[in-house]
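Nothing in this text is a laboratory measurement; each read-out follows from the coordinates by a stated rule. Just so you know, these numbers come straight off a predicted model, no measurement behind them. Cβ coordinates were reconstructed from backbone atoms using ideal geometry, including for glycine residues, and neighbour counts include every protein chain displayed.
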Amino acid sequence: MVTNNGYSQKNKTQSDQEVLVSKLSIEELCEKLGNKRVTILDTRPSYVFNGWDGVRGQVGGHIPGATNFSASWLREFDHEEAIRTELARLSILEEHEIVLYGEECGCVAMELRNLGYTNLKVLEGGFEAWKSADKGIVKMSNYQMLVHPIWMHALINYEQTDVSIGSDFKVFEVSWDQGEDYKNGHIPGAVHIDTNEFEEAPIWNRKSVEDIEVALLKNGITRNTMVVLYGRDITAAARIAVILKYAGVEDVRLLDGGFKAWMDAGLEIETGIVKKTPVRDFGARIPVNKDYIIDMEQAKSILTEKQGNLISIRSWAEYVGETSGYSNFYLKGRIPGSLHGQDSAAYRNVDGTMFNYELMQEEWRKYSIDEGVRNTFYCGTGWRAAETLIYADAMGWENISLYDGGWHEWSSTNVNPVEDGEPGGNTTHQCN
């Protein structure tokens, strides 16, 4: 069973033959594609599932219709109920036939067997055989936007990556403070960014174009700088990523899973402060991508468009008006006509990496959120919605943006209407 240290040593050494009933051929799996009672389980790291080639010769991408449950996640669970909850969230059900692939699929299969799953099979030859048979693979459209620790380690050590050696790149750790945690240990070479450099009280909107340019130059960022951001809190890094893309930085990436992912990979850290290296010219007039972030009047206009969605990335309790979600502003409810897109925490795996993007899109469709229209995300002050916007961008969604002021700005403006209650049975009133 799952232990406090993740899967047991027995699980680590268990062979596929010892734990699985049988192997399934590629031809047999082809016949099962699309069967709703068959779950195809990719047990490789999420970054490989998304599209990156792995460090052990793993081929990036996944079998169409597969869901991801990485063997490495087993160490994240400290009791049986936790793993059952995650399996349910991923719709990995006991009554289904489970077809596993990946180098450590035996570890996952053993845990599933311990939990009562009986119809377990392994794909013969694994994903590499599937790709060699030219049966078709799927990758997230812009998976390179979400980097993984091994790639990042190679980058900062000028080893082989998809980035040319000598390219202008910078790594930043982002947080809402002066960086005390950063000083005690950070990715080697990373410079600290305080979010206060780019946003300001009381509404916590982005600063003026002039102030953003000053912050970019202070941090040595030009339009052509490849910027890799991470944080202890992924929403802080995403917040700055969105502002940089709005300004016009052409290559902005997030470390998927943040600082935790780096530590989980067992990579070295350094202490102290890496000094900023300023530059004199950004290389373009800011903002280059002015529609990537919108303000309140544009948000109002979206509500009147037949082909546009304003999407709340807040908890259900916030959406229906049970809580404001914040201690510094009290008004509860939602922007009238906005859709519920769930809290950003719903879009993370148990290790903090991005959730299976195909399942995310399926969930969005339940809330009438589709990529074929204009989609603008908002939350309280822009952090949670920024994370979701970056994920939508990585998925290849176009015509997307962040409503910067979000619920804080909207509810602070007395003339604005507010909805609360269940959709369809809601009440509308003025902010006051």
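A simple packing score, the average count of other Cβ atoms within 10 Å per residue, orders the peptides 320-332, 138-150 as 138-150, 320-332, with the highest score first. Residues whose amide H falls under 5 Å from that of Glu199, counting only those 5 or more places apart or on a different chain, are Lys207, with hydrogens built in the peptide plane. Give Lys183/Lys207; Lys218/Lys245; Lys139/Lys332; Lys32/Lys306; Lys332/Lys366 a once-over and call out the pairs whose C-alpha atoms are over 28 Å from each other. Check vs 28 Å cut-off fails for Lys139/Lys332; Lys32/Lys306. Given segment 9-139 reduced to its alpha-carbon atoms as identical point scatterers, what log10 I(q)/I(0) does the Debye formula return at q = 0.15, 0.19 Å⁻¹? Calculated log10 I(q)/I(0) at the listed q: -0.66, -1.10. So how tilted is helix 209-218 from the main axis of the chain? Cα-based, degrees 0 to 90, rounded to 10. In the chain, helix 209-218 runs at an angle near 60 degrees to the longest axis. Seen against the Cα atoms of the chain and their longest principal axis, helix 80-89 is set at about 70 degrees. Hydrodynamic analysis of segment 144-288 uses the Kirkwood radius over alpha carbon pairs. Inserted into Stokes-Einstein at 37 °C and 0.692 mPa s, it gives a translational diffusion coefficient of 215 µm²/s. A Förster radius of 25 Å combined with the Cβ-Cβ distance from Thr271 to Asn157 puts the calculated FRET efficiency at roughly 0.85. Taking label positions 7 Å along the Cα-Cβ direction at both Thr85 and Ile26, the computed distance is 4.0 nm, reported to one decimal.
Mind sorting Glu270, Glu213 by how few other Cβ atoms lie within 10 Å of their own Cβ, fewest first? Intermediate results must be reported in sequence, preceding the final value.
Numbers: Glu270 11, Glu213 18.
Ranking Glu270, Glu213 by Cβ neighbours within 10 Å, fewest first, gives Glu270, Glu213.
Semi-axes of the equivalent ellipsoid for the chain, computed as √(5λ) from the eigenvalues of its C-alpha gyration tensor and ordered from largest down, come to 37, 28, 20 Å.
Tally Lys/Arg at +1 and Asp/Glu at -1 over every other residue whose Cβ is under 12 Å from the Cβ of Arg44; what's the total?
Working: positive: Arg56; negative: Asp42, Asp53, Glu103, Glu104, Glu128.
Its environment carries a net charge of -4.
Taking amide H atoms as placed 1.01 Å from N in the peptide plane, the amide H of Trp52 lies under 5 Å from those of Gly61, each 5 or more residues away in sequence or on another chain. Ordered by the number of other Cβ atoms lying within 10 Å of each residue's own Cβ, fewest first, Trp52, Trp407 fall into the sequence Trp52, Trp407. Across segment 292-430, Cα-Cα pairs more than 23 Å apart make up 27 percent of the total. Normalised by 2.2 N^0.38 Å, with N the number of residues, the alpha-carbon radius of gyration of segment 69-167 equals 1.39. Residue exposure proxy: Trp204, Trp383, ordered by other Cβ atoms within 10 angstrom of their Cβ from fewest to most, comes out as Trp204, Trp383. Using θ = phi - 60° in the Karplus curve 6.51 cos²θ - 1.76 cosθ + 1.60, the 3J(HN,Hα) couplings for segment 273-280 round to 10, 8, 5, 5, 10, x, 10, 9 Hz; x is entered for Gly and Pro. Helix 234-247 and the longest principal axis of the Cα set of the chain meet at an angle near 60°.
The DSSP beta bridges internal to the chain are antiparallel in roughly 20% of cases.
Quickly estimate the mean residue ellipticity at 222 nm for the chain, helices only: each DSSP H run with n ≥ 4 gives -39500 (n - 2.57), and the total goes over all residues, rounded to 500.
Details: 17 runs with 132 residues, N = 432.
The helix contribution divided over the chain gives -8000 deg cm²/dmol.
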